[in-house]
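Down below is the structure, laid out as structure tokens.
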Amino acid sequence: MIVFRYLSREVLLTLTAVSGVLLLIIMSGRFIKYLAQAAAGQLDPGVLFLIMGYRLPGFMVLILPLGLFLGILLAYGRLYLDSEMTVLSATGMSDRKILGYTQGSALLVALLVGFLSLWIAPAGVLKTQQLFNEQDAMTEFDTLAAGRFQSLGSGQRVTYAGGLSEDRTELHDLFITERADSGSEARLGVLVAESGRQQMNPDGSRYLVLNQGYRYDGRPGSADFRIIQYDTYGVLLPRPEVAREVTDREAMSTLSLLGQQDVRLQAELQWRLSIPLLVFVVAFFAVPLARVNPRQGRFLKLLPAVMLYMAYLALLISARGWMENGRLPAALGLWWVHLLFLLIGLGLNFKALTAPSRVSGGQHASA
């Protein structure tokens, strides 16, 4: 039991460090993407961290199995390099016991990954899609920032406000330009106003009421234009419509996927079940890949091992796509991929399973 606690602690500590680094890299890239959307006025900056929090479980589902795999390689590689595995071998610790102890750590990680994959991650995706639906229903004035030109409608409208009240209803030094394509001609309308405000009517319609300004209408490059001076000018804003329906398969609960006949939904269910199973398989073939010769260094087998893991994950993703396209029957699904790599693991562990009396680290040390 002491050896089990020691090996588990080494693996889990390394897993935590590796997973933290991978999570930081992935979340940084995704946050930059959302930040760019907020800068373009497509997202409210106030919901950025909320979205990242909802997406966190989905990131962890893919990070934890890789973190465990690298944790085993790095932790056990250090033990082989420091001849600690040789000491364990001298005390009667066999490779079969090492495999069993490693599966104990894998069980803990698989339970966590299964909980995230089956329940928490789909709920996070659901909340994220609902937030995006709400953001799509917002007008440009809901995300407008003072002192910044904001382009909307594929560049058809550009809005600028020099000042903005805290409740976002009063605007100052307004500039709005809108492009309208009429047949072969493109006309441009420009509104300039000293101030403006949003006005909500009882019927739910919303107006932008501009004060003390000018309207310019014309065709760029020609003298065909008109100028209108106004004291008050009202612009009807489109009525926001929040899409309540969530159609993303990843946002569906696991219970709602059970018994579905749609092959795409079956593929989603098998994918969620495959990630916890992936943890056990990669932990199985990571142990023999972690064996290193002290003369060679601990990183010699790291690159081939990572390539094997990436091949496993890539084949799972490909099999999911083949299943969704009808090229694989649902009964075969993704299970054959796990069976294939389990056989690879059996091949890598063949010596350990048939001759459990010694750890090969002692052989490396005496070489």
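Please find, within segment 274-327, the residue that is surrounded by the fewest Cβ atoms within 10 Å (Cβ to Cβ) out of those that are of a type in the set (S, T, N, Q) and at pLDDT 95 or above. Give the steps one after another, and end with the answer.
Looking only at segment 274-327, we keep the residues that are of a type in the set (S, T, N, Q), and these are 274, 293, 296, 318, 325.
Checking which are at pLDDT 95 or above leaves us with 274, 318.
Numbers: S274: 20, S318: 13.
Top of the filtered list is S318.
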### Members of segment 234-258 found to be more than 18 Å from the chain's Cα centre (by Cα) and either modelled with pLDDT of 90 or more or in a helix (DSSP H, G or I) (or both), listed by number
T254, L255, S256, L257, L258
### Query
Of the numbered conditions (1) farther than 30 Å from L353 by Cβ; (2) at pLDDT below 80, E268 satisfies every one except a single condition; which is it?
(2)
### Query
Here are E194, E170, E140: which of them is at pLDDT 80 or above, surrounded by 14 or more Cβ atoms within 10 Å (Cβ to Cβ) and acidic (D, E)?
E170
### Task
Being surrounded by fewer than 12 Cβ atoms within 10 Å (Cβ to Cβ) and of a type in the set (V, I, T) is the filter here, so list the residues in segment 28-51 that pass it.
I32
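The values are calculated or read from the model by the stated rules, or taken from the named source; none is laboratory data. This structure is a prediction, so every number in the text was calculated from the model and none was measured. Note: ideal-geometry Cβ built from the backbone for every residue, glycine included; neighbour counts use all protein chains shown.
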